[in-house]
Structures are given as C-alpha cells and as structure tokens.
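What follows is one structure encoded as structure tokens, with my remarks underneath.
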Amino acid sequence: MAYEQALLAAGCRISRDGRGRATDNAFIERLWRTVKWEHSYLNSANDGHHLHQQLQAYFAYYNHRRPHQRLRGQIPAQIFRQNS
C-alpha cells in the first residue's frame, strides 16, 4: 500500500480492474515477452540510442509485416486499414 500511496502522491493514476489481480496487465506483459524472445534476446544494442532504433524497427515489423496468431494470421496494420 505504501507503493500505491507514493504513486498517488506523485499524481499517478493507478488503473486496474479493482481487484489487484495479476491479469490486469496481461496484454502488455504478453507483448513484452514477445519483444524479448523475438528481438532483445537475439540482438545486442551498443547504447540506448541504438536500442531505440532497434525497437523502432522491430515494432514496424511487428505491426506491418508479422502475422499474429490472435488475429488469425492477419497483420495488425491490415486490420486497422480495413476498419478505418
């Protein structure tokens, strides 16, 4: 609770389903697991700027060329264009 109080005192808004369950951030945890296994563990960065460039390239691939199982093999950018 002290951690939450510190966040609130700093003006942070805490977002969760109200129960404090581990599944509150399941989507983002799954995303970062994918980024680590498909990119970060396979590529080393020389510095923060290099890492930023690598992640920009990876997320371009992730959103515009990588088929997603949850989307039945479709690419997120395709679905976005279809629904825009």
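State whether the range 22-82 is rounded, prolate or oblate according to the following rule on the C-alpha gyration tensor (a ≥ b ≥ c being the square roots of its eigenvalues): a/c under 1.5 gives rounded; otherwise a/b larger than b/c gives prolate, and the remaining case gives oblate. Oblate shape, in that a/c is at least 1.5 and b/c is the bigger or equal ratio.
Where only DSSP H runs of four or more residues are counted, the chain gives -15000 deg cm²/dmol as its mean residue ellipticity at 222 nm, each run worth -39500 (n - 2.57). Karplus-based coupling profile of the range 72-84, in residue order and whole Hz: 6, x, 7, 9, x, 5, 5, 5, 4, 5, 5, 9, 9, with θ = phi - 60° in 6.51 cos²θ - 1.76 cosθ + 1.60 and x standing for Gly or Pro. For ALA26 and HIS49, the difference between the fully extended length at 0.36 nm per residue and the C-alpha to C-alpha distance is 5.5 nm. For the pair HIS39 and GLN69, a Förster radius of 22 Å applied to the C-beta separation gives a FRET efficiency near 0.80, rounded to the nearest 0.05. Relative to the longest principal axis of the Cα atoms of the chain, the long axis of helix 48-64 makes an angle of roughly 70 degrees.
Taking the Cβ of each residue in THR23, THR34 as the centre, tally the other Cβ atoms inside 10 Å and list the residues starting with the fewest. Walk me through the numbers on the way to the answer.
Values: THR23 10, THR34 14.
Least crowded to most crowded, the residues run THR23, THR34.
In a DSSP loop and with at most 13 other Cβ atoms within 10 Å, the chymotrypsin sites (Phe, Trp or Tyr not before Pro) in the chain are TYR41. Taking other residues whose beta carbon is less than 14 angstrom from the beta carbon of GLN69, and scoring Lys, Arg as +1 and Asp, Glu as -1, yields +4.
Pairs of Cα atoms under 8 Å, at least six residues apart: use those to get the relative contact order of the range 22-82, whole percent.
On the way: 20 pairs, mean separation 10.0, N = 61.
Reported as a whole number, the value is 16 percent.
Which trypsin sites (Lys or Arg not before Pro) in the chain sit in a loop by DSSP (not H, G, I, E or B) and have at most 13 other Cβ atoms within 10 Å of their own Cβ? Please report the intermediate quantities before stating the final value.
Details: sites: ARG13, ARG16, ARG19, ARG21, ARG30, ARG33, LYS36, ARG65, ARG70, ARG72, ARG81; in loops: ARG13, ARG16, ARG19, ARG21, ARG65, ARG72.
The qualifying sites are ARG13, ARG16, ARG19, ARG21, ARG65, ARG72.
Less than 5 angstrom separates the built amide H of GLN74 from those of HIS68, all sequence-distant by 5 or more or on a different chain.
We did not get these values from a lab; they are worked out from the coordinates using the rules stated. A quick note: this is a predicted structure, and the numbers were derived from the prediction, not measured. Heads up, the Cβs are rebuilt from the backbone with ideal geometry, glycines too, and the neighbour counts pull from every protein chain shown.
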